[in-house]
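A.B. asks: One structure, pasted below without further comment.
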Amino acid sequence: MPKQVHATDRAPAAIGPYSQAVSASGTFFFCSGQIPLTPGGELISGDVRAQAEQVMENIANMLDSMGLGFNNVVKTTIFLSSMDHFGTVNEVYGARFAGGDMPARSTVAVAGLPRGVDVEIEVIACQ
């Protein structure tokens with residue numbers, strides 16, 4: 001089975017030349033990094049907890065649109081504007097995986113993120 005592009009209006013549309021998500025062989029689902037942008041295009045800025053909540057909601061909606069949930073996530077990468085945000089983002093992130101097996105994860109601080117946000121998260125899920 002070739003790759004398949006997935007898109008939903010329940011998460012922000014791509015703001016560049018990329019897809020919201022792509023599946024390979026109908027088994028692995030690669031979701032592009034989500035920033036705190038609402039499906040309607042409103043940027044959530046300032047409070048990093050509010051940013052992280054919006055990012056996780058976007059991911060939840062992307063997964064749901066493909067018939068998946070957080071229990072299907074096998075790997076995540078978290079990008080932060082500062083490691084000072086690690087604790088807050090970790091709390092918000094961890095709440096979505098409560099009661100399930102945790103995926104593998106990397107967290108890195110970067111020099112900058114799209115639109116000047118403080119958090120971006122990408123996920124890989126498996127059917």
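Computed from the coordinates by the stated procedures, all read-outs in this text should not be read as laboratory data. Quantities reported herein were computed from a predicted structural model and do not represent experimental measurements. Don't worry about glycine lacking a Cβ; one is built from the backbone with ideal geometry, like all the others, and counts go over all protein chains shown.
A.B. asks: Output the 0 to 90 degree angle, nearest 10, between the alpha-carbon long axis of helix 86-96 and the longest principal axis computed from the alpha carbons of the chain.
C.D. replies: 40 degrees
A.B. asks: About its Cα centre, how strong a charge dipole does the chain have in debye, to the nearest 20, once Lys and Arg get +1 and Asp and Glu get -1 at the Cβ?
C.D. replies: So the magnitude is around 360 debye.
A.B. asks: Here's a follow-up. For a footprinting-style exposure proxy, rank V108, V92, V74, V123 by other Cβ within 10 Å, fewest first.
C.D. replies: V108, V74, V92, V123
A.B. asks: Next up: If we count other beta carbons within 10 Å of each Cβ, what is the order of S81, S106, fewest first?
C.D. replies: Ordered by Cβ neighbours within 10 Å, fewest first: S106, S81.
A.B. asks: Oh, and also: Restricting things to alpha carbons, tell me how big the stretch 28-87 is in terms of Rg and Dmax, in Å.
C.D. replies: My reading of the Cα-based Rg and Dmax gives 12.1, 34 Å.
A.B. asks: Next up: Longest segment of the chain with no chymotrypsin sites (Phe, Trp or Tyr not before Pro) in a DSSP loop having at most 16 other Cβ atoms within 10 Å?
C.D. replies: Looking at the chain, 19-96 is the longest stretch - no exposed chymotrypsin sites (Phe, Trp or Tyr not before Pro) with at most 16 other Cβ atoms within 10 Å.
A.B. asks: If you rank C126, C31 by fewest surrounding Cβ atoms within 10 Å, what's the result?
C.D. replies: C126, C31
A.B. asks: So what's the projected area for the chain, the Cα convex hull averaged over all directions, in nm²?
C.D. replies: That works out to 7.3 nm².
A.B. asks: Could you check which residue among G33, G100, G112 shows the biggest mean-square fluctuation in a GNM of the chain with a 10 Å Cα cutoff?
C.D. replies: Among G33, G100, G112, the largest mean-square fluctuation in the Gaussian network model of the chain belongs to G100.
A.B. asks: Then there is this: Once you place label points 7 Å from the Cα toward the Cβ at D47 and T27, how far apart are they in nm?
C.D. replies: In this crude label model, D47 to T27 measures out at 4.3 nm.
A.B. asks: Once the dipole of the chain is set up with Lys and Arg at +1 and Asp and Glu at -1 on Cβ about the Cα centre, which of Q34, V22, G87 lies farthest towards its positive end?
C.D. replies: It is V22.
A.B. asks: Would you mind checking which residues have amide H under 5 Å from A109's amide H? H placed 1.01 Å from N; only 5 or more apart, or other chain.
C.D. replies: Result for A109 returns L80.
A.B. asks: What percent antiparallel are the DSSP beta bridges of the chain, to the nearest 5?
C.D. replies: Of those bridges, close to 75 percent are antiparallel.
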